[in-house]
Amino acid sequence: NKKAFVELLFWKSPAIICEMTQGYSSLQEGQGTTRSRVPPWTPQEEQELRELYWKYKEVEGGDIIAAILAHLPTPGRTRRQVVKQLVRM
């Protein structure tokens, strides 16, 4: 590719570098960025998250996210995932 030098001017992740050297669309399913490994939120999980947020929103001086994580029925969700989902909703 004659224009590959332009791509080198911008920050790349290791997955993108691998894709550039081995050819685009060379990544197998399940490899690559962490976004593909994060399970999507189901409508039931979103509803439960919404209910927990409204329940712990009014608690003074407490960490809302910590309270939600403690009562979230689905284990394995990180603090960052919960915050991102709340912002998205």
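The values are calculated or read from the model by the stated rules, or taken from the named source; none is laboratory data. Keep in mind it's a predicted model, so treat the numbers as computed, not measured. A quick note on method: Cβ atoms are made from the backbone with ideal geometry, for glycine too, and the neighbour counts reach across all protein chains shown. Please note that ligands, DNA and RNA were not included when accessible areas were found on the heavy atoms of the full protein model with its side chains. Shrake-Rupley method; radii C 1.70, N 1.55, O 1.52, S 1.80 Å.
As a summary of the residue check, S26 satisfies the conditions (1) surrounded by 11 or more Cβ atoms within 10 Å (Cβ to Cβ); (2) farther than 30 Å from R79 by Cα; (3) at pLDDT 70 or above except for the one numbered (3).
Does V82 count as under 27 Å from A15 (Cβ atoms), in contact (Cβ under 8 Å) with a residue 24 or more places away in the chain and buried (at least 16 other Cβ atoms within 10 Å of the Cβ)? When the stated conditions are applied, V82 passes them. Filtering segment 53-68 to residues that are open to solvent by 80 Å² or more (accessible area, probe 1.4 Å) and at pLDDT 85 or above leaves W54, K55. Close contacts from segment 57-75, counting a first residue that is more than 18 Å from P40 (Cα to Cα) and a second that is open to solvent by 80 Å² or more (accessible area, probe 1.4 Å), with Cβ to Cβ under 8 Å and a gap of 6+ residues or different chains, come to I65/R79; A66/R79.
Yes or no: T42 at pLDDT 80 or above and open to solvent by less than 100 Å² (accessible area, probe 1.4 Å)? It is true that T42 is at pLDDT 80 or above and open to solvent by less than 100 Å² (accessible area, probe 1.4 Å).
Do we find a residue being open to solvent by 70 Å² or more (accessible area, probe 1.4 Å), at pLDDT below 75 and over 24 Å from V83 (Cα atoms) anywhere in segment 29-39? Yes, because at least one residue in segment 29-39 is open to solvent by 70 Å² or more (accessible area, probe 1.4 Å), at pLDDT below 75 and over 24 Å from V83 (Cα atoms).
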